[in-house]
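Peer 1: Take a look at this one; I'll ask things after.
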Amino acid sequence: MHDAASPYAQVHTFTGIQNVNGQITCTFPASTIGNSYYVVLTNRNAVETWSANPVLMSSSTSYTFTSSAAQAYGANQIDVSGTGLFAIYNGDVNQDEVVDGLDFNDWEIDNNNFAGGYVTTDFNGDGVVDGLDFLVWEPNNNNFVGSAKP
């Protein structure tokens with residue numbers, strides 16, 4: 001969570017596990033209630049994604065990124081279903097906020113070494129670093145995918 005005004009300082013972090021339905025339940029300090037903040041998503045190989053606007057916090061605030069690309073700042077999401085289910089981009093292995101050749105280098109090393117398990121270069125989450133992950137990375141690289149924030 002980041003302040004709603006420049007320089008958008010980080011106010012609070014929460015580490016959670018995403019449920020099968022895509023939801024993450026976060027608990028924030030009571031001091032955040034009544035104030036507005038940008039909600040920011042990060043993940044092991046994802047492009048940092050900010051909420052489209054600051055979100056007013058209450059005791060039970062809910063925010064969804066999945067219903068529309070416009071839920072993310074700069075509409076910085078991809079329709080993963082073809083029917084309007086949106087997700088954050090991945091492929092940013094080195095977390096420099098852009099999917100590019102530097103991420104490819106890391107993927108290529110793991111691909112050539114038959115890496116598996118919970119590794120940042122496994123873009124599709126199947127537990128194996130292989131050509132299927134390249135198919136996730138390549139369009140994001142070719143489309144110059146990077147973070148968008150205020």
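The values are calculated or read from the model by the stated rules, or taken from the named source; none is laboratory data. Treat the numbers as computed from the prediction; the structure is a model and nothing was measured. Note that we place each Cβ from the backbone using ideal geometry, even for glycine, and neighbour counts take in every protein chain shown.
Peer 1: So, in the range 8-53, exactly how many residues are at pLDDT below 90 and in contact with a Pro (Cβ under 7 Å, 6 or more places away or on another chain)?
Peer 2: Number of matching residues: 0.
Peer 1: Every residue in the range 137-149 that is over 11 Å from Trp107 (Cα atoms), of a type outside the set (D, E, K, R) and out of contact with any Pro (no Cβ under 9 Å at 6 or more places or on another chain), please.
Peer 2: Result: Pro139, Asn140, Asn141, Asn142, Asn143, Phe144, Gly146, Ser147, Ala148.
Peer 1: Going through the range 99-142 one residue at a time, which ones are β-branched (Val, Ile, Thr) and out of contact with any Phe, Trp or Tyr (no Cβ under 6 Å at 6 or more places or on another chain)? Quick ask: steps written out before the conclusion?
Peer 2: First, pick out the residues of the range 99-142 that are β-branched (Val, Ile, Thr): 99, 109, 119-121, 128-129, 136.
Selection gives Val99, Ile109, Val119, Thr120, Val128, Val129.
Peer 1: Shifting gears a bit: Taking the condition in contact with a helix residue (DSSP H, G or I) (Cβ under 6 Å, 6 or more places away or on another chain) and either without any contact (Cβ under 8 Å) to a residue 24 or more places away in the chain or within 21 Å of Pro139 (Cα to Cα) (or both), does Asn90 pass? Step through it out loud before you land on a result.
Peer 2: Details: in contact with a helix residue (DSSP H, G or I) (Cβ under 6 Å, 6 or more places away or on another chain): no; either without any contact (Cβ under 8 Å) to a residue 24 or more places away in the chain or within 21 Å of Pro139 (Cα to Cα) (or both): yes.
Spelling it out, it is not the case that Asn90 is in contact with a helix residue (DSSP H, G or I) (Cβ under 6 Å, 6 or more places away or on another chain) and either without any contact (Cβ under 8 Å) to a residue 24 or more places away in the chain or within 21 Å of Pro139 (Cα to Cα) (or both).
Peer 1: Give me the residue from the range 41-58 that is β-branched (Val, Ile, Thr) and assigned to a loop (DSSP other than H, G, I, E, B) and, out of that set, surrounded by the most Cβ atoms within 10 Å (Cβ to Cβ).
Peer 2: First pass over the range 41-58, keeping only residues β-branched (Val, Ile, Thr): 42, 47, 49, 55.
Now drop any that are not assigned to a loop (DSSP other than H, G, I, E, B), which leaves 42, 47.
Details: Thr42: 14, Val47: 25.
My answer is Val47.
Peer 1: Of everything in the range 24-41, what is free of Cβ contacts under 8 Å to residues at least 24 places away in the same chain and within 14 Å of the chain's Cα centre (by Cα)? Give them in sequence order.
Peer 2: Within the range 24-41, Ile24 is the sole residue that qualifies.
So that you can scan it fast, the table gives a plain yes or no per residue for (1) at pLDDT 95 or above; (2) surrounded by 17 or more Cβ atoms within 10 Å (Cβ to Cβ); (3) among the small types (Gly, Ala, Ser):
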site	(1), (2), (3)
Gln71	yes, yes, no
Gly74	yes, no, yes
Ser81	no, no, yes
Phe86	no, yes, no
Tyr89	yes, yes, no
Asn94	yes, no, no
Asp100	yes, yes, no
Glu108	yes, no, no
Asn111	yes, yes, no
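Peer 1: Go through Thr61, Thr13 for me and flag whichever is assigned to a loop (DSSP other than H, G, I, E, B) and surrounded by 12 or more Cβ atoms within 10 Å (Cβ to Cβ).
Peer 2: Numbers: Thr13 fails: surrounded by 12 or more Cβ atoms within 10 Å (Cβ to Cβ).
Criteria check complete, one pass: Thr61.
Peer 1: Within the range 67-90, can one find any residue that is in a strand (DSSP E or B) and farther than 20 Å from Trp50 by Cβ?
Peer 2: Here is the first cut: in the range 67-90, the residues in a strand (DSSP E or B) are 72, 78-79, 86-87, 90.
Filter once more, so that each one left must be farther than 20 Å from Trp50 by Cβ: none.
Taking every residue of the range 67-90 in turn, none turns out to be in a strand (DSSP E or B) and farther than 20 Å from Trp50 by Cβ.
Peer 1: In contact with a Gly (Cβ under 9 Å, 6 or more places away or on another chain) and either surrounded by fewer than 20 Cβ atoms within 10 Å (Cβ to Cβ) or free of Cβ contacts under 8 Å to residues at least 24 places away in the same chain (or both), is that true of Gly131?
Peer 2: On the way: in contact with a Gly (Cβ under 9 Å, 6 or more places away or on another chain): no; either surrounded by fewer than 20 Cβ atoms within 10 Å (Cβ to Cβ) or free of Cβ contacts under 8 Å to residues at least 24 places away in the same chain (or both): yes.
Taking the combined requirement at face value, the residue does not satisfy it.
Peer 1: Consider the range 104-150. How many of its residues are in a helix (DSSP H, G or I) and in contact with a His (Cβ under 9 Å, 6 or more places away or on another chain)? Steps first, answer last, please.
Peer 2: Quick first cut of the range 104-150, residues in a helix (DSSP H, G or I) only: 104-112, 131-142.
Those still in the list that are in contact with a His (Cβ under 9 Å, 6 or more places away or on another chain) too: none.
Qualifying residue count for the region: 0.
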